[in-house]
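Colleague: Pasting in a structure now, in structure tokens, and then I'll have a few things to ask.
The values are calculated or read from the model by the stated rules, or taken from the named source; none is laboratory data. Computed from a predicted model, the values in this text were never measured in an experiment. Here Cβ is always computed from backbone atoms with ideal geometry, including for glycine, and neighbour counts include all displayed protein chains.
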Amino acid sequence: MKECHLIHYLRLSHHLIVLNYLICTFDKLKSVSSEDIKITDAVFDGVEVRVFEPPAKGDESLKRSVVYIHGGGWALASARTSLYNNLCRIMAESLNAVVVSVEYRLVPEVCFPEQYHDALRATKHFLQPDVLAEYSVDPSRIAISGDSAGGNLAAAVCQQLSKDEDLPVRPKLQALIYPVLQAFDFNTPSYQQNMNMPVLPRYVMINYWIDYINGNYDLAHELLINNHTALNVGQALSFRARLNWTSLLPPSFKKNYKPVVQSTGTEAIVEQLPALLDVRAVPLLADDATLARQPRTYVLTCENDVLRDDGAMYAARLERAGVPVTLDHFHDCFHGCMIFTVWPTDFSAGVQTRNSYIKWLDENL
Ligand SMILES: *[C@@H]1O[C@H](CO)[C@@H](O)[C@H](O)[C@H]1NC(C)=O
Ligand SMILES: *[C@@H]1O[C@H](CO)[C@@H](O)[C@H](O)[C@H]1NC(C)=O
């Protein structure tokens with residue numbers, strides 16, 4: 001499988017070796033069998049997708065649907081690995097919904113904005129009335145969802161769809177699982193608190209970002225101390241208030257952490273890498289008018305996760321913009337917990353978060 005060899009291209013060697021080992025190991029495990037769900041691979045406007053369809057039942061009306069975008073730092077995993085195959089199959093089964101899992105292209109084959117374009121193209125293709133009819137999907141009951149880097153793509157796709165005046169069908173919901181939403185501040189309280197947390201330490205997240213936006217690893221240290229968004233960086237100034245965590249986060253998240261704001265940094269970084277401030281890459285930086293157009297939103301966050309505050313700040317901004325938001329925070333969970341629910345890592349946290357997420361979809365979709 002392609003993703004098992006990516007390690008040769010990336011410099012995150014140690015960390016990725018471990019993750020790839022896990023992904024490949026899971027992949028060899030037998031999937032939980034479920035003859036009922038029909039699984040087919042298709043191509044939506046040039047983008048590969050895997051479609052999970054529950055059986056049609058005689059007189060039944062149209063089905064609900066979820067477009068799912070998997071995580072893995074824009075560089076790892078696949079709709080076809082058992083981790084995501086199982087999750088989507090379980091969702092199709094428990095929600096009696098058609099699930100479309102997007103097989104967007106990954107780093108190093110492509111970088112931003114291609115992952116985003118793939119996710120957007122596949123989603124827009126699916127949202128056409130004739131395609132929805134083909135899959136017996138109710139156009140008024142569609143959710144866009146994803147975890148981690150997939151949550152980033154899901155949020156960015158939702159924002160773009162909300163700006164598209166000609167769209168005949170719009171998503172009813174978005175559901176974001178520990179999403180990564182910004183590269184402006186790598187010193188939010190959750191980044192400070194969890195900088196050495198296994199699974200996703202801060203330097204690894206920064207390197208995923210650098211790979212995604214096609215930057216140079218030499219920048220890692222400047223990003224880490226927020227030199228790219230220092231007060232002398234003119235382009236960053238107007239965005240500062242949009243992720244002001246001292247006003248967006250609750251005291252239980254802020255604790256005693258202090259903002260890290262450099263007065264003098266390096267302006268050339270955002271000039272060379274405009275994606276750092278491009279809302280298609282960093283949906284948390286979107287303006288209020290865009291946020292106000294977003295559908296009802298679910299955000300799942302984990303306490304032991306550098307990305308906790310990305311999700312929590314997005315939830316807070318959407319709420320202030322008038323969007324109904326559910327922030328589902330798990331105190332004892334870590335990044336990635338939802339997909340690690342099968343042996344040998346049968347963490348109850350994984351099952352707990354997955355059930356909570358599916359329950360919200362069931363009640364709201
Ligand atoms: C951030 O929020 C705090 C508290 O509401 C406020 O005092 C500060 O001026 C804000 N900073 C920016 C850049 O908006
Ligand atoms: C941050 O930027 C300042 C000003 O350009 C520079 O002097 C300093 O070396 C930078 N810090 C790092 C870690 O590169």
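Colleague: Exactly one condition in (1) buried (at least 22 other Cβ atoms within 10 Å of the Cβ); (2) closer than 23 Å to Leu83 by Cβ; (3) of a type in the set (Val, Ile, Thr) is not met by Ile142; state its number.
Modeller: (2)
Colleague: Given region 276-365, what helices (runs of 4 or more DSSP H) lie entirely inside it while holding 3 or more residues that are of a type outside the set (A, V, I, L, M) and within 28 Å of Met197 (Cα to Cα)?
Modeller: Fully inside region 276-365 and qualifying: 308-320, 348-364.
Colleague: Considering only region 258-286, how many residues are surrounded by fewer than 18 Cβ atoms within 10 Å (Cβ to Cβ), touching a residue at least 24 places away in the same chain (Cβ under 8 Å) and within 16 Å of ligand 1 (Cβ to nearest atom)?
Modeller: 5
Colleague: Regarding Glu222, is this residue modelled with pLDDT of 95 or more, surrounded by fewer than 14 Cβ atoms within 10 Å (Cβ to Cβ), more than 14 Å from ligand 1 (Cβ to nearest atom) and within 15 Å of Ala183 (Cα to Cα)?
Modeller: no
Colleague: Looking at Ala241, Ala156, which is the one that is modelled with pLDDT under 95 and aliphatic (A, V, I, L, M)?
Modeller: Going through Ala241, Ala156 in turn, just one is modelled with pLDDT under 95 and aliphatic (A, V, I, L, M): Ala241.
Colleague: Still on this structure, please answer the following. Just checking, which of Ala175, Ala183, Ala155, Ala241 is assigned to a strand (DSSP E or B) and away from ligand 2 (no atom under 13 Å from the Cβ)?
Modeller: Every option except Ala175 fails the conditions.
Colleague: Scanning for something over 29 Å from Trp209 (Cα atoms) and over 14 Å from the mean Cα position of the chain (by Cα), does region 75-88 turn up at least one residue?
Modeller: no
Colleague: Could I ask something else about it? If you go through region 239-246 one residue at a time, do you hit one that is closer than 20 Å to Glu303 by Cα, touching a Pro at 6+ places or on another chain (Cβ under 9 Å) and more than 12 Å from ligand 1 (Cβ to nearest atom)?
Modeller: no
Colleague: Right, next: Taking region 158-172 on its own, how many of its residues are in a loop (DSSP other than H, G, I, E, B) and surrounded by 23 or more Cβ atoms within 10 Å (Cβ to Cβ)?
Modeller: Qualifying residue count, region 158-172: 1.
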